[in-house]
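> Dropping a structure here in structure tokens format, bear with me for questions.
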Amino acid sequence: MSKDAAKKLAERGSARSHRPTGNKFVKYIGSNWSADSNTLPKESKVAPFAAARRDAVAKAFEGKIIVIEAGPETARSNDTYYRYRPHSAFAHLTGWGAETVPDSVLVIDARGKKQKSVLYFRETAGKNTDEFFANSQIGEFWVGSRPNLKQVSALLGIQTKSLKKLEADLAEHKKKHVLTLAKSTKLVEFVSELRLIKDSYEIAEMKKSVAASIKGFEAVVKNLGKQLSILAVSALLRQPSLPKLEQKAMT
């Protein structure tokens, strides 16, 4: 196979049909949508616990800039991605779990008397740009409306900035002062061991999970003997409050 043929074959996976361009189309496709809400949410119950965890990290690595990345999405096939799961350390230190925007980064500045943390993330592309409909990762047309910088800040009780500013902000610090999970084994060990000791918030959440699991299995047991598909059983586990789900046998 020639190099040109191999190149064309490799490009097939990322090939897309031509998309419309021009200000008129952008204005048209972005019109007649409901207005985005700018209402600030209440601070999450996990926020003070996450702040205490960041304090512990800052105390252990005094004088350093700690960078904790959430990580990117993992492609399943072409532009189809697996359900996103942020890095455990990131979720633990921010309190931002399943709703985390991929590629977000937490920076903890432990150089002062009190740690300063900043959460960097990629804002959703608005309706006034072609990314609104053309970018399947951040376009509102694809991912729906997401909270803005101020809303995430209010929810998690942490300062937020655009991911675009991360590189410039880190460039202001000497590399020897910056610690990342990729380059510091001590940091990896510390944040991992920090999660071994559960605080009261985590214990309460674990109890909720156990209770939900019990209800789910009880719902399954009550339906044993019925010819249910895997999807039906999955529905029972997701909605344990409806154990008497009526469903015909499925093949």
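> If you take the residues in the stretch 109-119 that are of a type in the set (A, V, I, L, M, F, W, C) and crowded, with 19+ Cβ neighbours inside 10 Å, which one is farthest from Ala58 (Cα to Cα)? Walk me through it before giving the result.
Here is the first cut: in the stretch 109-119, the ones of a type in the set (A, V, I, L, M, F, W, C) are 110, 118-119.
With crowded, with 19+ Cβ neighbours inside 10 Å added as a condition, the list becomes 110, 119.
On the way: Ala110: 5, Leu119: 15 Å.
Across the stretch 109-119, the extreme among qualifying residues is Leu119.
> Now for a separate question. Looking at Leu187, Leu196, Leu156, Leu163, can you tell me which residue is within 20 Å of Val46 (Cβ to Cβ), surrounded by 13 or more Cβ atoms within 10 Å (Cβ to Cβ) and not hydroxyl-bearing (Ser, Thr, Tyr)? So that I can check it myself, show each step before the final result.
Values: Leu187 fails: within 20 Å of Val46 (Cβ to Cβ); Leu196 fails: surrounded by 13 or more Cβ atoms within 10 Å (Cβ to Cβ); Leu163 fails: within 20 Å of Val46 (Cβ to Cβ).
After applying the criteria, what remains is Leu156.
> Only one of Leu179, Leu170, Leu106 is surrounded by fewer than 19 Cβ atoms within 10 Å (Cβ to Cβ) and among the hydrophobic types (A, V, I, L, M, F, W, C). Can you tell me which? Walk me through how you get there before you give the answer.
Values: Leu179 fails: surrounded by fewer than 19 Cβ atoms within 10 Å (Cβ to Cβ); Leu106 fails: surrounded by fewer than 19 Cβ atoms within 10 Å (Cβ to Cβ).
Criteria check complete, one pass: Leu170.
> A further question follows. Taking Asp79 and the conditions (1) closer than 27 Å to Ala35 by Cα; (2) surrounded by fewer than 14 Cβ atoms within 10 Å (Cβ to Cβ); (3) acidic (Asp, Glu), which numbered condition does it fall short on, given that it satisfies the others?
(1)
> Does Val101 count as of a type outside the set (Asp, Glu), closer than 20 Å to Glu140 by Cα, touching a strand residue (DSSP E or B) at 6+ places or on another chain (Cβ under 6 Å) and in contact (Cβ under 8 Å) with a residue 40 or more places away in the chain? Step through it out loud before you land on a result.
Numbers: of a type outside the set (Asp, Glu): yes; closer than 20 Å to Glu140 by Cα: yes; touching a strand residue (DSSP E or B) at 6+ places or on another chain (Cβ under 6 Å): yes; in contact (Cβ under 8 Å) with a residue 40 or more places away in the chain: yes.
Spelling it out, Val101 is indeed of a type outside the set (Asp, Glu), closer than 20 Å to Glu140 by Cα, touching a strand residue (DSSP E or B) at 6+ places or on another chain (Cβ under 6 Å) and in contact (Cβ under 8 Å) with a residue 40 or more places away in the chain.
> Can you tell me how many residues in the stretch 127-153 are surrounded by fewer than 18 Cβ atoms within 10 Å (Cβ to Cβ), among the small types (Gly, Ala, Ser) and without any contact (Cβ under 8 Å) to a residue 24 or more places away in the chain?
The total comes to 1.
> Do the conditions hold for Pro72, that is, is it in the same structural domain as Val178 (by TED's automatic domain parsing) and surrounded by 14 or more Cβ atoms within 10 Å (Cβ to Cβ)? Talk me through it step by step, then tell me what you get.
Numbers: in the same structural domain as Val178 (by TED's automatic domain parsing): yes; surrounded by 14 or more Cβ atoms within 10 Å (Cβ to Cβ): no.
The answer is no for Pro72.
> Within the stretch 34-52, which residues are out of contact with any Phe, Trp or Tyr (no Cβ under 9 Å at 6 or more places or on another chain) and either surrounded by 10 or more Cβ atoms within 10 Å (Cβ to Cβ) or not in a loop (DSSP other than H, G, I, E, B) (or both)?
Of all residues in the stretch 34-52, those out of contact with any Phe, Trp or Tyr (no Cβ under 9 Å at 6 or more places or on another chain) come to 34-43, 47, 51-52.
Scanning the stretch 34-52 gives Asp36, Ser37, Leu40, Pro41, Glu43, Ala47, Ala51, Ala52.
> Please tell me if Ser234 is at pLDDT 95 or above, part of a helix (DSSP H, G or I), surrounded by fewer than 16 Cβ atoms within 10 Å (Cβ to Cβ) and among the hydroxyl-bearing types (Ser, Thr, Tyr). Break it down into steps so the answer makes sense when it comes.
On the way: at pLDDT 95 or above: no; part of a helix (DSSP H, G or I): yes; surrounded by fewer than 16 Cβ atoms within 10 Å (Cβ to Cβ): yes; among the hydroxyl-bearing types (Ser, Thr, Tyr): yes.
No, not satisfied.
> On to the next question. Can you find a residue in the stretch 2-25 that is within 29 Å of the chain's Cα centre (by Cα), modelled with pLDDT of 80 or more, over 30 Å from Leu119 (Cα atoms) and surrounded by 10 or more Cβ atoms within 10 Å (Cβ to Cβ)?
Looking through the stretch 2-25, none of the residues is within 29 Å of the chain's Cα centre (by Cα), modelled with pLDDT of 80 or more, over 30 Å from Leu119 (Cα atoms) and surrounded by 10 or more Cβ atoms within 10 Å (Cβ to Cβ).
> Does Lys207 fit the bill of being in a loop (DSSP other than H, G, I, E, B), modelled with pLDDT of 85 or more and surrounded by 10 or more Cβ atoms within 10 Å (Cβ to Cβ)? Working first, answer last.
On the way: in a loop (DSSP other than H, G, I, E, B): no; modelled with pLDDT of 85 or more: yes; surrounded by 10 or more Cβ atoms within 10 Å (Cβ to Cβ): yes.
The answer is no for Lys207.
> So which of Val118, Val143, Val152 ends up being within 20 Å of Lys27 (Cα to Cα), in the same structural domain as Asp79 (by TED's automatic domain parsing) and hydrophobic (A, V, I, L, M, F, W, C)?
Values: Val118 fails: within 20 Å of Lys27 (Cα to Cα); Val152 fails: within 20 Å of Lys27 (Cα to Cα).
Only one candidate passes the filter, namely Val143.
The values are calculated or read from the model by the stated rules, or taken from the named source; none is laboratory data. Values in this document were obtained by computation on a predicted structure and should not be read as measured data. When we count neighbours, we look across all protein chains shown, and the Cβ atoms used for this are built from the backbone with ideal geometry, even at glycine.
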